[in-house]
Each structure stands twice: as C-alpha cells, then as structure tokens.
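A short write-up of the structure that comes next.
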Amino acid sequence: MSDNKMEVKNLDFYYDDFQALNKINIPLKSNKVTALIGPSGCGKSTFLRTLNRMNDLIEGTRVEGEILFDEKNIYDPDVDVVALRKRVGMVFQQPNPFPKSIFDNVAYGPRIHGLKDKGKLAEIVEKSLQGAALFSEVKDRLDDSALGLSGGQQQRLCIARALAVRPEVLLMDEPASALDPVATAKIEDLIAELKKDYTIVIVTHSMQQAARVSDNTGFFLMGDLVEFDKTDKIFENPTDQRTEDYITGRFG
Amino acid sequence: MNDSRKNFHLEINELENEMLKMGSIVGESIRNSIKALVDKDIALANQVIADDDIIDDYELSLEEKCTKLIALQQPVAIDLRKIIVISKLATDLERIGDNASNIAYKVKKIDQEKLIKEMNSLPKMTDLVVNRLRESLEAFVDMDLKKAKKVAKSDEDVDVFDEQIVAELLTIMKTDCDKIEQGVSLMFISRFLERIADHSTNICERTIYMKTGKMKY
C-alpha cells in the first residue's frame, strides 16, 4: 500500500469560466506535514479546500481530475461529503469558536454525529483538548464561554474541535497568522506533535513557518504547482528559478 | 525584476565587495612576502606582518555581518548559501593572510644571508598561487561554475613546484650542513605557498556549493 494518505492527480479547478488550478499533482504523505506557499491569489487556499470539498459550497465551481483518499476518489458521485469532512478536518485563519462553553465547542462534532453518552463525550473532550495542548490551561473552566479564551487558546480550541471527530487529515489555512509569536510557537509545536497521528496540510504566508513545521512544501503560482519537494530542498536549493525568486523576495 | 527585499540584497552585495577588498589585500601580502625574500627587504616583510592584523579585522567584520544578516533577514536558497559561503571564504582568506605572514617571518629569519640557491622558482610559484587566488575569487563573483571547477583542479601545478623546490633544497642540504637552517626556512616558504593554493581550492569548492547547492561535485 502506498504511503500517500491522499494523492491529487491532474486536478483542474474552475470558478465559472476562470481556471484557478491547472493540472495539480501532489502526493500527501501519511503522517507528514505538507506546506503550501505562494503569493496571494496563487490558488493555494483554493487547493486546500478541494481536499475536503469545501469549494462545493461555492456556486459555479467545477473540478476535473481526481483526489484519491485511501485510493478512493473523493469526487466520485457516491461519496458522502459530510463523512468526508469528518475524515478531513479543517482549521481556519481566524479562530472561530462557537458562542458556547469550551466543553460544548469540542463536543459539538461528536454530538451531531450522534454521540449522546455523557461519559464518552467527556472522554473525547478531554482527549481532544489534550491533543491540542490546551487541556491543562482550561481543565478547571470547561463550562466557561469559549469566547473568554485568548486568541491562541481559541485557535487551539478549534484544533481540539477538529480532532474531536477523529479525522485522519487536518487542513490548516494560515492557522497562526492572527496570533502573536508565543501563541504561534505553541501552534507550531502542536503541529509537530499532531503529525504523529494525523496527516497535515497547511497553507501559510510565512515562509519561515513553512520551513519550520513542514516535511514537504509545494510552491503555487497563478494556479500552477511550480515545485513540490522536501522542505529543506525547497528552502536550501530549489530547482525552479520561479521558486527561488519567490522565496528570496526577487519577485513582486 | 521587482525585488521586494532590495535593501537586504544590497547588503549582500556590500558584503561581497568587502570580501573582495579583503581578497585584494591578501593577494598583495602574498606577493610582498616573496618580494621581501627576493629583495631582502625586511621593512616589506614587517609590512606584511602588520597587514595581517588588517586582514584579521576584515574576517571578524565579515563574520559579524554574516551572522547579523542570518539573524535578522532569515535568508533562504541562494541568499543563504551566498552568506554562508562569504563567511567561509573570509576564514580561508584569513588563513592565507596567516601564511603570507609566516613567509614574512621566515624572510626576517633569513635576513641578509646570501640565498643558498637562486630562487627563480619561488616567484614563479607565487605568480601561479596569486593568479589562482584571483581566479577563484572571480569564479565566486561571476558564479562561474566552469571556472571554479577548472581552478579547483589546477592545484597539482602548485604541488609540482613545491615538490621540485623541496627536492632541490634537500640535495643542497645533504652536501652542506651549514645550509640546513636556511634550507629549512625556504622549504617552509614553499610549503606556505602550497597551503595558500589549497585555500584557493576551498574557495572554488565553496563557490561550486553556492552555485549548485551541492557539497560534492
């Protein structure tokens, strides 16, 4: 069996007539962190959202090619999109906790998937908060509103909420860009821990962050995947001149 | 090209210029050290020894600037490799300066003694060594892979000179014990020049790394 958790093959993506992604091919390795970098509008966030079909929610979008997830194309007509998004979780740029208690935020996913047993819910909430390196900070105030947490804590809560439904892949769209350096460092440490159990794909505008947290990096430019390689190769000695120009700032 | 890190790239250019100035002083020191031998010019030998302090200061200044750029600018790819290589080259140039200074000390030791042998081959060897240094720095500036490889491989010419000089001196020393002391000094001078050539090889190899990102070629 391949060590690719997901494998993107010849993926084209359209917003109506506008082609936003051109023939993308990326292997997403199991238990590795893949970083996607590139200038604004290059298609990296669009690409991220194709991985759990979040773009389906936008009218007029169209996908060609395939994304194999454990060797099954997620765009096949028989795929249950809700079940897919349970397996491929997502964390966004701005922390977006629900206006509920810390406990209820994390328990939300398992509950809507039908879990009612309070003991099991409590167990999942604790495990998820521990997984997101937040439990020790909030264990005495699980019934307090999530909105009272700091930005960095809210983002880790959102990660805990994503973990609660036991996904296999975690998509992160600039998860630390709204956070201060200390909170950012905590998220980056957390990513290193999480990859033991999850396959992670992260979009980031911070090249230093991509260099620090990822195993593989893809550079997008105008809808093309210009280069995909091991992260140290990309940042020490990229193959494509356009990658070098972008990461060294010789590119407007 | 739209350079969004223009100031940073200007700073790298300044670093490169400073390194080249250091290279030019170092080249002059090598020439002066052998000129001092041939002309029996002790004042010039003293000048070479004094210039070594200036060369050491260049090395410190370049290393500080390289460290600062790495800390403040987080360079990657070619920028990172260039800064790392300039820092390494500064060390090679400093060592070359030490070798020139060592030659000058031997010249002072020989002082006004008549040379035991016509030393035609040492100035020739010096020309070769200084040219290799100049070419290795040119290869660095022009990022000229072909030239860097060519210069790196031409180390043998200098080794041949060194071997010949050592053989000739040994012959003289075997026949006349009184000539051993100066003979040993001259052998050291030849060996210092040979070491300088080795540092030029390092400069070429680091240039190849800078251009290709590969340590071995």
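How would A:His205, B:His9 line up from fewest to most surrounding beta-carbon atoms within 10 angstrom?
Neighbour counts put them in this order, fewest first: A:His205, B:His9.
Can you flag which of B:Lys68/B:Lys88; B:Lys117/B:Lys153; B:Lys82/B:Lys147; B:Lys65/B:Lys150; B:Lys146/B:Lys211 are past 20 Å Cα-Cα? Present the calculation step by step, with values, prior to reporting the outcome.
Details: B:Lys68/B:Lys88 15 Å; B:Lys117/B:Lys153 30 Å; B:Lys82/B:Lys147 17 Å; B:Lys65/B:Lys150 30 Å; B:Lys146/B:Lys211 11 Å.
Result: B:Lys117/B:Lys153; B:Lys65/B:Lys150 exceed 20 Å.
Starting with the fewest neighbours, write out A:Tyr108, B:Tyr209 ranked by other beta-carbon atoms found within 10 Å of each beta-carbon.
A:Tyr108, B:Tyr209
What percent does the relative contact order of chain A come to when contacts are Cα pairs within less than 8 Å and at least six residues apart?
27 percent
Can you give the log10 of the normalised intensity I(q)/I(0) at q = 0.08, 0.13 Å⁻¹, computed with Debye over equal Cα scatterers of the protein assembly as shown?
-0.65, -1.10
Taking the simple approach of a point 7 Å from Cα along Cα-to-Cβ for both A:Tyr15 and B:Gln74, what is their distance in nm?
Taking the simple label geometry, A:Tyr15 and B:Gln74 are separated by 2.8 nm.
Toward the positive end of the charge dipole of the protein assembly as shown, about the Cα centre and with charges on Cβ (Lys, Arg +1; Asp, Glu -1), which of A:Ile200, B:Gly97, A:Asn216 goes farthest?
Towards the positive end, the residue furthest out is A:Ile200.
What's the FRET efficiency of B:Glu163 with B:Arg134 using the Cβ-Cβ distance as r and R₀ = 25 Å, to the nearest 0.05?
0.60
Out of every Cα-Cα pair in the range A:4-247, what percent are more than 33 Å apart?
18 percent
Cα atoms only, the range B:36-150: Rg and Dmax in Å?
Rg and Dmax of the range B:36-150, Cα atoms, are 18.0, 57 Å.
For every helix of n ≥ 4 consecutive DSSP H residues, a contribution of -39,500 (n - 2.57) applies; sum these over chain B, divide by its total residues, and give [θ] at 222 nm rounded to the nearest 500 deg cm²/dmol.
Value at 222 nm, helices only: -30500 deg cm²/dmol.
For A:Lys127, give me every one of the lysines with a C-alpha distance below 23 angstrom, ignoring sequence neighbours fewer than eight places off in its own chain.
Qualifying lysines at Cα under 23 Å: A:Lys32, A:Lys86, A:Lys100, A:Lys116, A:Lys118, A:Lys139, A:Lys186, A:Lys195, A:Lys196.
Just to be sure I understand: of the beta bridges DSSP finds with both ends in the range A:4-247, what percent are antiparallel, rounded to 5?
Here the share of antiparallel DSSP bridges comes out near 60 percent.
Taking 0.36 nm per intervening residue step and subtracting the Cα-Cα distance, what contour gain separates B:Lys153 from B:Lys117 on full extension?
Details: separation 36, 0.36 × 36 = 12.96 nm, distance 3.02 nm.
The B:Lys153-B:Lys117 span can extend by a further 9.9 nm.
Could you rank the peptides A:20-33, A:183-196, B:162-175 by their average count of other C-beta atoms within 10 Å per residue, with the highest value first?
Values: A:20-33: 18.6, A:183-196: 17.1, B:162-175: 14.7.
Descending packing order for the listed peptides: A:20-33, A:183-196, B:162-175.
For the range A:120-252, compute Rh as the Kirkwood radius over C-alpha pairs and then the Stokes-Einstein diffusion coefficient at 37 °C and 0.692 mPa s; write the answer in µm²/s, rounded to an integer.
Value of D from the Cα-based Kirkwood radius: 202 µm²/s.
By count of other Cβ within 10 Å, fewest leading, how are A:Ser40, B:Ser61 ordered?
Fewest to most other Cβ atoms nearby, the residues stand as A:Ser40, B:Ser61.
We did not get these values from a lab; they are worked out from the coordinates using the rules stated. Computed from a predicted structure; not experimentally measured. FYI the Cβ positions are ideal-geometry reconstructions off the backbone, even for glycines, and counts take in every protein chain you see.
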